[in-house]
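The values are calculated or read from the model by the stated rules, or taken from the named source; none is laboratory data. Just so we're clear, the structure is a prediction, and the values are computed from it rather than from any experiment. Every residue, glycine as well, gets a Cβ built from its backbone with ideal geometry; the counts of neighbours run over all protein chains shown. We work out accessible area using only protein heavy atoms, side chains counted, and drop any ligands, DNA or RNA first. Shrake-Rupley method; radii C 1.70, N 1.55, O 1.52, S 1.80 Å.
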Amino acid sequence: MKKLIAAFGLTLLIAGCNATTPEKPASLKAQYEVALKNAQAAVEKAAAVDGEWRDIRWKKSKKRYLPSAIKAAEAGDYEKALKLLEIATFQAEAGYKQAMEQKNAGPRF
């Protein structure tokens, strides 16, 4: 009986995971285009609250993840572009979170 319950629970878990997993675009180019839109939106959201981190797109930074991703995609290297966009999106989201957490920061006496 316990094995039957465990098997049923596992079946529900797998079915639930499959039902909630969004479909990924088939080609790397399509994945890149979706990731680029998401990254640009995250960067703009972070920039709106002065939370954009240096390495995302600043000219003085050596890394510049967002422009580097666009150049990689233009050269046809979508795998590299996707990795760079993942980093840019992470930094944008972290920058936004940091800015929001520290918006009321000040000295405490």
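Would you mind counting up the charge near residue 68? Only other residues with Cβ under 12 Å from its Cβ, with Lys and Arg at +1 and Asp and Glu at -1.
Result for the neighbourhood of residue 68: +4.
Taking a threshold of 23 Å on the Cα-Cα distance, which of the pairs 29/62; 37/83; 83/103; 59/83; 29/83; 80/103 fall above it?
29/62; 83/103; 80/103
Give the ranking of 50, 77 by solvent-accessible surface, highest area first, calculated with a 1.4 Å probe.
Ranked from most to least accessible, the order is 50, 77.
For region 26-101, what does the accessible surface come to per residue with a 1.4 Å probe? Please give it in Å².
Computed with neighbouring chains in place, this is 66 Å² per residue.
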